[in-house]
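These notes are about the structure you will find just below.
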Amino acid sequence: MTPDQLSGLSDTLFSTSVGLYSLATVAFCAQLAFGRRPARERALVTAGGGAAELPPESPADPGALPEDAPSVRRWGRVAMLLATVGALTHAGVLVTRGMATDRLPWGNMYEFATAVVLVAVVAFLVLALRSPGLRHLGLFVLAPVVVSMVAIGLFLYVEGGPLVAALRSSWLAVHVSTAILGFGVFFVSGIASVLYLVRSRYEARGGDPSSSRLVARMPSAATLDRVAHRTAVFGFPIWTFAVIAGAIWAESAWGRFWGWDPKETWAFIAWVVYAAYLHARTTAGWRGRPAAWVNVVGLAVMVFNLLYVNMVSTGLHSYGGVN
Amino acid sequence: MSTVAPPRPAAAPPPSSPARPSAVRRLGGFLLRQWRRLTAMRTAIVLLFLLALAAIPGSLLPQRSLSQANVQQYFADHPTLAPVLDDLFLFDVFSSPWFAAVYLLLFVSLIGCVLPRALEHARALRTPPPPAPRRLTRLPDSARLDTTLPAGAALDAVEEELRVRRYRVVRRERGGVAELSAEKGLLKETGNLVFHLALVALLLGLAGGKLWGYEGSILVTEGDRFCNSFQQYDTYSAGALVDSGDLSPVCVGLEDFRAEYEENLTAASFTADITYGAPGEEGSPEVIGVNDPLRVDGDRVYVTGHGFSPRFTVTLPDGRTFADVSAPFLPVEQSTMSSEGALKLPDLGAGSDDQLALQGFFAPTGLVQDDILTSIDPRPLAPQVAVVAFQGYLGLDSGLPQSVYSLDQSQIERGRLTEVARGNLSVGESLDLPDGTTVTFDGYSEFAALQFSHDPGQVWVLGAAIAVLAGLLGMLLLRRERVFARADTDPATGGTVLDVGALTRGSGDGAPRFAALTDDLRAVLASRDPARADRAPSGSASSTGGTSA
Ligand code: HEM
């Protein structure tokens with residue numbers, strides 16, 4: 001195939017994956033709507049003891065949640081399948097882009113943002129495959145994913161092209177890949193914290209489990225908090241590494257390893273906010289909702305860094321290619 | 001799985017008794033309280049937040065460290081607001097006293113928090129795990145197993161299982177009841193300490209680099225060279241402890257500069273052939289480029305940009321010629337390399353009012369439409385200049401600094417410098433001035449923007465950053481687990497009741513591992529059950545005993 005055909009294919013795959021994600025969102029919605037109650041999160045509300053009596057939640061447990069009717073399980077499986085196929089086509093978007101331009105497919109904001117969303121979807125799929133109870137999160141992850149993808153397609157789209165000289169470095173692979181990974185994982189973490197905030201208020205009000213509202217069908221606040229923390233713990237070293245790799249690259253490309261360029265500044269701010277989140281999570285008086293808010297602020301900072309700093313401010317990082 | 005963090009000893013000893021508070025005591029008490037407040041985790045979170053907040057204006061307002069020109073522009077655009085912001089150091093956020101105050105407080109807090117922990121950890125590494133808590137069922141994970149084995153043998157089985165899992169195990173006896181404490185994962189705490197202390201090292205490395213480092217930038221035309229001294233640089237910045245006599249004695253020459261482009265005119269690579277060596281020496285040949293600086297003994301030479309210097313020949317009416325006069329024109333648009341600059345010739349004629357200046361626009365590949373010259377290609381395929389010639393007084397010796405890249409606009413406004421001719425020139429073409437002077441466009445030379453940097457802190461910072469990462473991985477990925485067991489005789493059955501409890505700190509869920517442990521224990525206990533011994537004789541009753549750490 002010629003580069004032009006590959007680019008065209010990449011764009012088609014983009015639309016296809018948006019379509020598949022939308023269908024998956026609908027299926028996840030159906031799973032929630034037809035479910036009577038979310039599976040009660042076993043082994044979670046047991047901080048006080050007695051956990052050992054309950055069967056541990058393990059990957060071997062095939063998600064046969066006792067309270068889910070077969071039709072619900074079927075919807076859940078269809079949704080997972082659609083999301084997985086969507087993720088594969090999504091990966092295809094980047095692969096064909098990379099082949100068309102003969103370089104790593106994260107040289108501009110369109111490609112970067114597309115890759116971040118892919119990481120978020122994959123992170124969710126991995127979580128949901130390991131603990132089937134988390135499939136109930138599907139709607140809340142995939143709906144923002146669809147919105148982000150549409151926004152990326154509408155506002156960030158650029159034709160594939162070669163990279164400017166400063167980006168031609170093996171550090172592009174190291175720095176940008178890890179930044180994408182970290183961002184995608186933080187994305188899932190942030191969503192979990194938002195849901196935690198919603199759900200914990202519902203639980204604090206005595207949460208009526210037979211309620212037909214969506215909150216009633218979310219995983220428990222404790223689970224959401226744990227998902228948020230675990231993903232942040234996973235993302236933080238990756239982000240730390242991405243920042244260090246960026247500094248190493250900046251040293252060879254720009255003649256200083258740190259110069260408080262707007263992008264660097266916001267990467268630093270995000271790092272500090274996530275450090276604050278990890279602290280808050282273990283500090284009396286900050287656990288629970290305050291900590292979750294810190295995590296949400298962290299995600300806001302990441303998104304701001306992607307959008308504002310690339311599109312509005314000017315700095316050495318303005319390779320975004322969006323004008 | 002514990003949503004409640006395991007109990008941790010309070011960071012500080014209990015408050016001392018305030019019997020007869022003298023003034024000194026009271027002051028001491030006050031200071032101690034403030035110190036404890038500063039080193040509390042809560043304060044750390046607030047300070048982290050403050051640090052994040054403090055960095056924000058540094059990204060939203062123009063910063064002198066990034067671009068003097070943008071700051072000047074801001075002053076021009078906001079003449080009343082800018083001085084106020086400037087008084088608050090908002091154009092130098094990252095070197096401002098209040099930014100420093102936040103991070104210094106944070107680091108004092110960090111040291112105050114981490115050093116005691118480090119001492120405690122050093123002690124913990126040498127002391128056996130603590131005694132079992134009274135009520136094992138209170139622990140996040142706990143289980144009760146019944147066995148007919150005697151208490152000692154039951155604990156032997158637990159100890160074996162734990163040693164296989166690489167726990168440190170201690171056996172104790174309290175009130176006639178045998179108990180066991182086991183622990184693993186002390187490296188997690190080591191990771192935490194390494195991480196936090198490495199942050200301090202990183203800050204020190206940064207500070208050292210700031211104090212003893214310097215950098216200078218200069219435009220060098222092909223064939224020229226410069227030596228490392230502050231007088232030579234177009235712009236430089238140096239740390240407070242840099243003595244200008246201490247600069248590395250080296251000179252750098254630019255032999256050749258090459259820019260390569262893709263078909264769609266994206267810049268593909270910039271390469272400069274330079275010579276590098278002590279003054280008076282030939283210098284050794286080196287090739288540097290974007291992403292590929294020269295690094296020698298802590299000094300580094302970078303290519304940070306490039307451009308063109310158009311060359312002219314000026315012939316005066318009396319026949320005197322000045323050949324090959326040129327000045328660097330700065331690129332205003334990277335994609336086409338259209339450039340602007342000024343060539344000032346103060347020493348042509350007799351008087352100071354006979355000075356000549358050319359203000360111009362250079363197009364590497366020019367296209368003239370309606371008399372307007374634009375550049376359509378960054379490569380010098382058809383170079384052209386648009387020049388405006390001025391004659392009069394340039395004001396160079398007026399004492400006020402002026403840019404080498406543009407004319408002093410105020411001289412023009414005052415009428416001291418007047419426009420005498422303008423035109424678009426291709427190579428070889430001339431512009432005739434009214435007084436008979438001719439200006440001929442001869443071609444161009446290429447220049448490179450080079451930067452010479454010296455940062456003695458850099459290696460430290462890199463080392464500290466690697467330690468930060470290593471500590472972080474240890475702290476976040478490892479788990480510290482404690483397991484306690486107590487074996488008591490059950491008066492009712494005559495058998496043994498084995499209580500086991502576990503405490504996990506760190507990532508993940510302790511429950512599955514604890515369940516696996518108790519499953520294995522059940523199996524082992526059952527296999528050693530004397531009641532079934534005749535059916536399945538267990539090999540050895542107990543091989544590992546005693547109390548060791
Ligand atoms: C530059 C500032 C700091 C950064 C970036 C930072 C970062 C971190 C990170 C990422 C963690 C891991 C949290 C986790 O295990 O989930 C952590 C843990 C910890 N930090 Fe900091 N920290 C900083 C300053 C401080 C200060 C000032 C203190 C003391 C007042 C402190 C005390 C601790 C403690 C005690 C832990 C362990 C928490 C636990 O294991 O439960 N840190 N820190």
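The values are calculated or read from the model by the stated rules, or taken from the named source; none is laboratory data. Keep in mind that what you see is a predicted model, and the values were worked out from it rather than measured. For neighbour counting, all protein chains shown are included, and Cβ atoms are generated from backbone atoms with ideal geometry for every residue, glycine included. Just so you know, the surface numbers come from the protein's heavy atoms only, side chains and all, with ligands and any DNA or RNA stripped out. Shrake-Rupley method; radii C 1.70, N 1.55, O 1.52, S 1.80 Å.
Residues B:I372, A:I248, ordered by accessible area of protein heavy atoms at a 1.4 angstrom probe radius and largest first, appear as B:I372, A:I248.
At 222 nm, what value in deg cm²/dmol follows for chain B if DSSP H runs of at least 4 each add -39500 (n - 2.57) and the sum is divided by all its residues, to the nearest 500?
So the calculated ellipticity at 222 nm is -10000 deg cm²/dmol.
Which sequence of B:T147, A:T84 reflects their accessible areas, 1.4 Å probe, from the largest down?
A:T84, B:T147
For region B:309-442, what log10 I(q)/I(0) values come out of the Debye formula at q = 0.14, 0.17, 0.21 1/Å, with one point per alpha carbon and no solvent? Here log10 of I(q) over I(0) equals -0.61, -0.89, -1.27. Based on the Kirkwood approach, the hydrodynamic radius assigned to the protein assembly as shown is 32.4 Å, with every pair of different Cα atoms included.
Counting, for every residue in B:297-303, the Cβ atoms of other protein chains within 10 Å of its Cβ and taking the mean gives 2. Shielding by partners for peptide A:233-243, expressed as the average number of C-beta atoms from other protein chains within 10 Å of each residue's C-beta, is 3. Chains B and A together bury roughly 4800 Å² of accessible area, counting both sides, with a 1.4 Å probe on protein heavy atoms only.
The spacing between region B:177-242 and region B:391-429, judged by their C-alpha centroids, is 45 Å. Among residues other than B:T313 with Cβ under 10 Å from its Cβ, the summed charge is -1 (Lys and Arg +1, Asp and Glu -1). For region B:309-442, the dipole from Cβ point charges (+1 on Lys and Arg, -1 on Asp and Glu) about the Cα centre works out to 200 debye, to the nearest 20. Both radii come from the Cα set of region B:93-215: Rg as radius of gyration, Rh as Kirkwood radius; their ratio Rg/Rh reads 1.24. As a rough guide to protection, the peptides B:47-54, A:291-298 ranked by mean Cβ packing within 10 Å, highest first, stand as A:291-298, B:47-54.
Annotation for region A:202-279: GluC sites (Glu not before Pro) lying in DSSP loop with at most 12 further Cβ atoms inside 10 Å of their Cβ do not exist. Contact residues in region B:49-82 by the 30 Å² criterion (accessible area, 1.4 Å probe, full protein complex versus chain alone): B:F49, B:L51, B:A52, B:A55, B:I56, B:S59, B:L60, B:L66. Dipole magnitude for the protein assembly as shown: about 7400 debye, using +1 per Lys or Arg Cβ and -1 per Asp or Glu Cβ, origin at the Cα centre.
Rg and Dmax of region B:481-525, both derived from C-alpha coordinates alone, stand at 12.8, 41 Å. For region A:144-164, a reduction of at least 40 Å² in accessible area between the chain on its own and the assembled protein chains (probe 1.4 Å) is found at A:P162. The residues of region B:447-515 present an accessible area of 36 Å² per residue when probed at 1.4 Å with all protein chains retained. Using a probe of 1.4 Å, the accessible surface attributed to B:R311 totals some 60 Å² when neighbouring protein chains are kept in position. Shown here are the Rg and Dmax of the Cα trace of region A:164-323, at 18.2, 62 Å.
Identify, among A:T96, A:L134, A:T84, the residue whose Cα sits farthest towards the positive end of the charge dipole of the protein assembly as shown, taking +1 on the Cβ of Lys and Arg and -1 on the Cβ of Asp and Glu, with the dipole about the Cα centre. Selected residue: A:L134.
Note: region B:30-124, Cα convex hull, 112 Å³ per residue. Accessible surface of the protein assembly as shown, 1.4 Å probe: 61 percent of it comes from carbon and sulfur atoms. Phi angles of region B:188-196 translate, via the Karplus equation with coefficients 6.51, -1.76, 1.60 and θ = phi - 60°, into HN-Hα couplings of 4, 5, 4, x, 4, 5, 4, 4, 5 Hz per residue; Gly and Pro are given as x.
The distance separating the Cα centre of region A:129-190 from that of region B:297-345 comes to 44 Å. Taking all Cα pairs closer than 8 Å and separated by 6 or more residues, the relative contact order of region B:30-124 comes to 38 percent. Placing unit charges on the Cβ atoms of the charged side chains and taking the dipole of region B:30-124 about its Cα centre, the candidate lying farthest along the positive direction among B:F99, B:G58, B:T39 is B:T39. For the segment A:246-256, counting C-beta atoms of other chains within 10 Å of every residue's C-beta and taking the mean gives 5.
Two numbers describe the Cα atoms of chain B: Rg and Dmax, which are 38.1, 127 Å. Altogether, the Stokes-Einstein calculation at 10 °C and 1.306 mPa s, with the Kirkwood radius of region B:442-528 over Cα pairs as Rh, returns a diffusion coefficient of 83 µm²/s. Per residue, region B:309-442 exposes an accessible area of 48 Å² to a 1.4 Å probe, with every protein chain left in place.
Calculate the dipole size of region A:164-323 relative to its Cα centre from +1 charges on Lys and Arg beta carbons and -1 charges on Asp and Glu beta carbons; express the result in debye to the nearest 20.
500
Stokes-Einstein diffusion for region A:100-189 at 37 °C, viscosity 0.692 mPa s, with a Kirkwood radius from C-alpha pairs, works out to 232 µm²/s. Highest-first packing order for the peptide set B:171-177, B:358-364, A:3-9 is B:358-364, A:3-9, B:171-177, based on the mean count of other beta carbon atoms within 10 Å.
Applying a 4.7 Å Cβ-Cβ cutoff to chain B, the cysteines left without a disulfide-compatible partner are B:C113. Put B:K210, B:K184 in order of accessible area, highest first, and with a 1.4 Å probe you get B:K210, B:K184.
Only protein heavy atoms count here; under a 1.4 Å probe, B:T504 has an accessible surface of about 20 Å².
Excluding ligands, DNA and RNA, the accessible surface per residue across region B:30-124 is 55 Å² with a 1.4 Å probe.
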